[in-house]
Amino acid sequence: MRLWLNRTSEVSLREQLITQVVLAILCKELLPGQRLPSTRDLARRFTIHANTASAAYRELEHQGWLEFRHGSGVYVRASQPAAPLSPQIAAEFTVDRLIGELVARVRKQGANETLLRSRLRRWLALEPPSRWLVIEPDPELRRIVIHEMAQALALPIVGCAPEECAAPALLDGSMPVVLPSKAANVRKLLPAGSELTTLQVHPVSAELMAYLKRYLPEHAADLIGIASRWSEFQRIGRTMLIAAGLAPESLLVRDPAHPGWKRGLEATAGVVCDSLTALELPARAFPMRFTLLDAASVAHLREMEATLCGDNPSA
């Protein structure tokens with residue numbers, strides 16, 4: 001069994017021993033039923049106190065990794081322990097297993113552990129992004145963008161107003177994205193050198209007008225609903241429908257933020273709505289759903305994610 005102990009680390013020697021024995025088991029350097037060095041041998045070989053080695057072995061026995069056989073010694077248990085119920089310990093268990101698999105693969109490729117440790121330190125220092133950050137002043141528009149991104153992306157997505165975007169707690173570990181109309185202002189607020197991805201969007205008015213040209217004029221007398229928490233969507237939808245020939249009195253504008261907003265929508269021929277509000281419509285209401293984000297823009301975000309995660313975007 002190979003061990004490396006850092007005597008200047010904040011992590012105790014006991015904890016270092018426990019972690020490395022677990023890794024050795026997970027990467028199959030220590031096999032089920034294999035005998036481990038005695039606490040005295042371990043203490044002598046690595047110049048540590050025998051009590052430290054004994055405490056580490058006892059903790060590993062308690063966790064289910066090792067077993068003591070009276071008069072024979074310490075052995076790797078025939079079966080690995082099940083993941084503990086505590087969420088924190090279960091997460092640590094999963095990470096340890098993945099690290100163990102990584103160590104085993106590195107050794108199989110013939111690379112030494114010094115190289116492995118140096119590359120791990122480099123990657124940890126780089127702190128690759130682990131989430132998306134939608135920077136948008138309008139909270140309702142921000143909700144729509146986050147919803148549409150979440151349908152296609154795997155990483156978590158959070159949002160903030162422009163005045164909050166430079167806060168380290170938000171920016172660290174994030175990939176900022178912004179809508180075109182806000183890009184110039186947001187770039188001025190971000191620290192120098194920060195990357196910012198500009199999302200490409202469908203022009204709501206143009207898409208809505210194209211839809212209406214197919215729908216009208218045979219339905220010009222129908223009652224049409226407009227529903228969105230985003231006030232600009234309500235304004236654009238109403239303007240375009242009137243421009244297309246619908247009478248203002250035939251439009252039913254609803255804001256889901258208000259109580260009773262669904263009233264009357266089931267009586268409409270259709271409800272012009274954003275992709276998020278479409279999920280909340282009454283069961284018998286027909287959604288005329290308009291997505292905001294351009295498909296090519298979403299595909300670009302997915303490629304960025306795949307690069308970070310090491311996946312093949314074409315798979």
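The values are calculated or read from the model by the stated rules, or taken from the named source; none is laboratory data. In this text the structure is predicted, and so the values were computed from the model without any measurement. Glycine also receives a Cβ, built like all others from the backbone with ideal geometry; neighbour counts cover every protein chain displayed. Accessible surface areas use protein heavy atoms only, side chains included; no ligands, DNA or RNA. Shrake-Rupley method; radii C 1.70, N 1.55, O 1.52, S 1.80 Å.
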Candidate aspartates and glutamates - alpha carbon under 17 Å from Lys262, same-chain residues fewer than 8 apart omitted: Asp274, Glu280
Where the chain is the region considered: accessible area per residue in Å², 1.4 Å probe: 57 Å²
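Where the accessible area of the chain is counted over protein heavy atoms with a 1.4 Å probe, how much of it, in %, is carbon and sulfur? Provide the component values of the computation, followed by the final result.
Details: 9780 of 17950 Å².
Exposed carbon and sulfur together represent 54 percent of the surface.
Given a Förster distance of 51 Å, report the FRET efficiency between Glu10 and Glu280 from their Cβ-Cβ distance, rounded to the nearest 0.05. Mind showing how you got there, number by number?
Numbers: r = 50 Å, r/R0 = 0.98.
The formula returns an efficiency of 0.55 here.
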Amide proton proximity set for Gly225, modelled H, under 5 Å, gap of 5+: Leu252, Ala269, Gly270, Val271, Val272
Kirkwood hydrodynamic radius of the chain, Cα pairs, Å: 24.7 Å
For the stretch 16-83, fraction of C-alpha pairs farther apart than 15 Å, in %: 48 percent
Where GluC sites (Glu not before Pro) in DSSP loops with at most 12 other Cβ within 10 Å are excluded, longest remaining stretch of the chain: 11-194
Top positive-direction residue, dipole computed over the chain with Cβ charges, set Leu293, Leu265, Val74: Val74
Exposed trypsin sites (Lys or Arg not before Pro) absent: longest stretch of the chain, with sites in DSSP loops and at most 14 other Cβ within 10 Å deemed exposed: 29-262
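Counting alpha carbon pairs within less than 8 Å and at least 6 residues apart, what relative contact order, in whole percent, applies to the chain? Numbers along the way, then the final one.
Values: 414 pairs, mean separation 37.5, N = 315.
About 12 percent, as a whole number.
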Estimated FRET transfer efficiency (Ala183, His49; beta-carbon r; R0 35 Å; 0.05): 0.05
Relative contact order of the stretch 17-173, defined on C-alpha pairs under 8 angstrom at six or more residues apart (%): 18 percent
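I'd like the antiparallel share, as a percent to the nearest 5, of DSSP beta bridges with both residues in the chain. Could you put the intermediate results ahead of the total?
Numbers: 6 of 29 bridges.
Close to 20 percent.
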Length added when fully stretched, Gln63-Glu101, from 0.36 nm per residue minus Cα-Cα: 11.7 nm
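Please give the contour-minus-distance gain from Leu252 to Ala150: 0.36 nm per residue of separation, less the Cα-Cα distance, rounded to one decimal in nm. Spell out each step's value before the answer.
On the way: separation 102, 0.36 × 102 = 36.72 nm, distance 2.93 nm.
Working it through step by step, the gained length comes to 33.8 nm.
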Charge dipole of the chain about the Cα centre (unit charges at C-beta), most positive-ward option of Met304, Leu170, Leu116: Leu116
